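The following block contains the structure, expressed as structure tokens.
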Amino acid sequence: MLMQHTSFKTLVLFFFCMAFSACGSSEALSSGEAEAPERLPDLSSYADTSSRSEAQSDGVQGESDDAFIDSLSSLDSDGQSERVDVLSPMDSGALRDIDASPQAPDDASGPQDAVSTDAAPTDSGLDTEENIHLNDLSEEGNEEVEDTSTPPSDSDDEPQGFLESYGTLETLAGSGLIGGKAVNGWLDSYEGAQALNVELSRPHMTLADAQGRLYIADKDAHAIRRIDLDGTIHTIAGVSQPGNGPDQLTLATEVPLHSPNGIWVQPDGRAYVLDLGNGKIRKLHPDGMMETMIDVGQLGTGRGLWVSEDEDLAWISAGSVLKRWTPDGGVENVASDFVSLGNIARLPSGQVAVADRGAHRAWWVGDNGAKMPLAGNGTTSGGGDGYPALETGIGGLRGIWFPPQGGVLLCGHIASRVYWMDEEGILHLMLDGNPDGSHSGDGEHWSTPGLKISEPRAVTMDALGNILITENDGGFIRRILKTSPLP
């Protein structure tokens, strides 16, 4: 395995306390009296179960500081957090006020997205996720306005080990011939073909098992595809036409799905499918059989799904609501008042983070439903490469992943960028792009200047530490190869 655990310097981020148990969190949410999280997580090197590499299981947790946040506001009577005084990752111990509601800060500059972040979200339609778009961006397109209030970091000791361990960008799947929405481009002749020669139909997420096989939620073709190690692609669930298949154990390729746009994969090849149009989480067994695991009901815009390896816990994105499932408690609403949720990430220590595409932000979410900003300033402009994540506009922030090396991977659909946020809360641009369908850079080092991607929907990692990007309506699966262990 190329992923190696290294000792990073003691960091200024803090552990995020889970204030309530799962059984009490729903009461706190309904009463609007939940307390805010008390600490921020340590984002230094850790063994990340979400990357699902056996070689990572003996990793050492990063060091934590004993300092606490002095004052945290509680949620108001409507369950909205008016303000949270948090220890900012970039302030080295100084308290800083951060607006915890999904609204643009008063001093935000530059163009904002067309959809107001305090507007009521739309959860009824399956295509609403693509309606938050680009009409109102500046004439410069996707250029982000630099906020000179906090200069970009150019310190000689800023962490570069993560970035230096990555090399070439390449495309693994997708021909990109059909760029429209709600178009099913799958053909029978694609079964068993090389993945680079097939048409994917607005894929939404790609995850890998321990063997390195890639599982793709091919939304508009209503199926789950898998790329095997020889580069061939196969349908492993769904019939490539919309429908609502049986709930009982059935051969997965005989179970019709409807717009699957979320997936989670375990090391052994068990996969869980967010069947958006049918409001269900279905379990795909390694032997090719499928059954309904959770009948969620209304899923809104779906997208995000995380399932524990022992199947005792699941987190589900459902439009404006983050849901949690346990075998004993069933499905419960944990946090609400989001705009349009994206993907979900979870640290090995249990802290959960979600991306809110409609609010252009990522959030920490406590077991009690309280939210604390993680990245994004709530607009589509400001900041950028070398700037604090909380001062940067990451338009349509929907992808989030915790690398076991530390930090956070983020991607923005509207921003058309992939960032790595280091342990100090500073962003480092890995891939730049444009929402015009840009697709280039194959065979080049990831840091080579140029617009390489467009509208990324998810960023994840395989067991070797390679970075996987699922991008745009044309449907491409990209990979940044991990070339060397961290120093």
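So which lysines pass the test for Lys283, namely a Cα distance under 18 Å, with those fewer than 8 places away in the same chain ruled out?
Lys219, Lys323
Sticking with this structure for a sec: Largest first and in whole Å, what are the equivalent-ellipsoid semi-axes of the stretch 155-217 based on the Cα gyration tensor, each being the root of 5 times an eigenvalue?
Numbers: eigenvalues 207, 45, 25 Å².
Each semi-axis is the square root of five times an eigenvalue, giving 32, 15, 11 Å.
Full-extension gain between Gln211 and Asp268, please, as 0.36 nm times their residue separation minus the C-alpha to C-alpha distance.
Details: separation 57, 0.36 × 57 = 20.52 nm, distance 0.82 nm.
Extra length from Gln211 to Asp268 when fully extended: 19.7 nm.
To the nearest 10 square angstrom, what accessible area does Glu291 show with a 1.4 Å probe?
Here the residue's solvent-accessible area equals roughly 60 Å².
Stretch Asp228-Thr168 to full length: gain in nm at 0.36 nm per residue minus the Cα-Cα span? Each step should come with its number before you reach the end.
Working: separation 60, 0.36 × 60 = 21.60 nm, distance 2.05 nm.
Answer, rounded to one decimal: 19.5 nm.
Sort the following peptides by mean Cβ neighbour count (other Cβ atoms within 10 Å, averaged over residues), highest first: 256-263, 453-460.
On the way: 256-263: 25.2, 453-460: 26.8.
Sorting 256-263, 453-460 by mean packing, highest first, produces 453-460, 256-263.
To continue, here is another question. How many nm is it between the label spots at Ala182 and Asn244, if each spot is 7 Å from the Cα in line with the beta carbon?
2.0 nm
Another one. For the stretch 354-381 and the stretch 275-296, compute the distance between their C-alpha centroids and round to whole Å.
28 Å
Label points 7 Å out from Cα along the Cβ direction at His445 and His285: separation in nm?
For the pair His445/His285, the computed spacing is 4.9 nm.
With a ≥ b ≥ c the root eigenvalues of the C-alpha gyration tensor of the stretch 307-450, is it rounded (a/c under 1.5), prolate (a/b larger than b/c) or oblate?
It is prolate, given that a/c is not under 1.5 and a/b is the larger ratio.
Quick check on packing: order 283-289, 335-341 by the mean number of other C-beta atoms within 10 Å, highest mean leading. All intermediate terms of the calculation are to be shown ahead of the outcome.
Values: 283-289: 14.9, 335-341: 24.4.
Top to bottom by mean Cβ count within 10 Å: 335-341, 283-289.
Using a ≥ b ≥ c from the Cα gyration tensor of the stretch 412-487 (square roots of the eigenvalues), is it rounded, prolate or oblate, where a/c under 1.5 gives rounded and otherwise the larger of a/b and b/c decides, a/b for prolate?
Judged from the Cα gyration tensor, the stretch 412-487 comes out prolate (a/c at least 1.5, a/b above b/c).
In addition: Output the direction-averaged projected area (hull surface divided by four) of the convex hull of the alpha-carbon atoms of the stretch 224-380, in nm². Don't skip to the answer; put the middle values down first.
Working: hull surface 40.4 nm².
The directionally averaged projection comes out at 10.1 nm².
With a probe of 1.4 Å, find how much accessible area the stretch 400-456 has per residue, and write the answer as a whole number in Å². Intermediate values should be presented prior to the final figure.
Numbers: 1270 Å² over 57 residues.
Dividing the accessible area of the stretch 400-456 by its residue count gives 22 Å².
The values are calculated or read from the model by the stated rules, or taken from the named source; none is laboratory data. Model, not experiment: these values are computed from the prediction. A quick note on method: Cβ atoms are made from the backbone with ideal geometry, for glycine too, and the neighbour counts reach across all protein chains shown. What goes into the accessible areas is simple: the full protein's heavy atoms, side chains included, and nothing from ligands, DNA or RNA. Shrake-Rupley method; radii C 1.70, N 1.55, O 1.52, S 1.80 Å.
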